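Worksheet for the structure shown next.
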Amino acid sequence: MAKEEEKYEENCIDLYIMIISNLTRCKEGIYKILDLKEDTNVDINEDKFFVSYYLNKLLYFFFLPIKPSVNKNINDKYIYVSHILINISSIKESSLFFKNVSFLNKISEQILNKDRFRAMLPFIINLCLNETTYNYLFDDNCILFPYILSYVYTNNYSLRNNNLYNSNNIDKNDNIHNLILQKATVLINCSIIKSRIIIILLYLCKRDYSREKLLNYGISDILKNWKSYEKDTELLSDIENITNKFEGKKDGEAFTS
């Protein structure tokens, strides 16, 4: 009997997460999940700030090993947690929940799963739209952007091991963040992931702080590498445009939003 109840509760988790995902489509639902009052003053002491119980519980499921849903059309039982993160991060009051490098790193671990990463990208875009999070997103110990950029960098060491190396392609990596080199294999073939990474980079290259941080990650060489392996002509134009912005080749134009 106990096992049957346990199985029933396990099957209900999908439903609970989907219901909460729908609730967070409205601001009132987000406030409930985050344990915030609607008249909350955003100037909360960050040192005394804690992630809400409900969000912690949802993330607990998200960090579990991926397993199939009871819905046969969904391969990932907990995928809707990413939808909740997207909705929560859409309001400025939520920024405090993401101003923690350890917390960001735990979320960033999901990036290494392609399907999770694709689902999370709108959430990452939302984080990038809030400049108050930049000190955390680009902290020396934060793995978020190295993991993101590893998807668009082709590591020639990996190609050599698979006999796919082309000596005509760019093989300059002295300036590239070490974690990107560790995680990179070959250029991702998902057009959705690549187009959303372009959206992120187009926004970040217009802000001095994020632009400088990405240059320190070796973004110029990463973009050149990406361009040398990219087959989509439309994306090639975007990559060229971003490269010019990072290298300041826009006739001396100021970087404005």
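Per 0.36 nm of contour for each residue apart, how much would the distance between ILE199 and LEU129 grow if the chain were fully extended, relative to their Cα-Cα spacing? Could the numbers behind the result be given before it?
Working: separation 70, 0.36 × 70 = 25.20 nm, distance 1.10 nm.
My answer for the length gained is 24.1 nm.
Compared with the direct C-alpha span, the chain from TYR229 to PHE103 gains 42.0 nm at full extension, assuming 0.36 nm per residue.
Using the structure shown, select from LYS27/LYS245; LYS99/LYS213; LYS183/LYS227 the pairs with a Cα to Cα distance greater than 27 angstrom. Mind dumping the intermediate values first?
Working: LYS27/LYS245 36 Å; LYS99/LYS213 17 Å; LYS183/LYS227 19 Å.
Among LYS27/LYS245; LYS99/LYS213; LYS183/LYS227, the Cα-Cα distance tops 27 Å for LYS27/LYS245.
Summarising the label geometry, the points placed 7 Å from Cα in the beta-carbon direction at ASP140 and ILE66 lie 3.4 nm from one another.
How long is the gain from THR185 to LEU112 if the chain were fully straight, where each residue apart is worth 0.36 nm and the alpha carbon distance is subtracted?
Details: separation 73, 0.36 × 73 = 26.28 nm, distance 1.16 nm.
Working it through step by step, the gained length comes to 25.1 nm.
The protection proxy used here, the mean number of other Cβ atoms lying within 10 Å of each residue, ranks peptides 67-77, 83-93, 13-23 as follows, highest first: 83-93, 13-23, 67-77.
All of the numbers you see were taken from the coordinates with simple rules; none came from a lab. What you see is a predicted model; the values in this text were computed from it and never measured. Note that we place each Cβ from the backbone using ideal geometry, even for glycine, and neighbour counts take in every protein chain shown.
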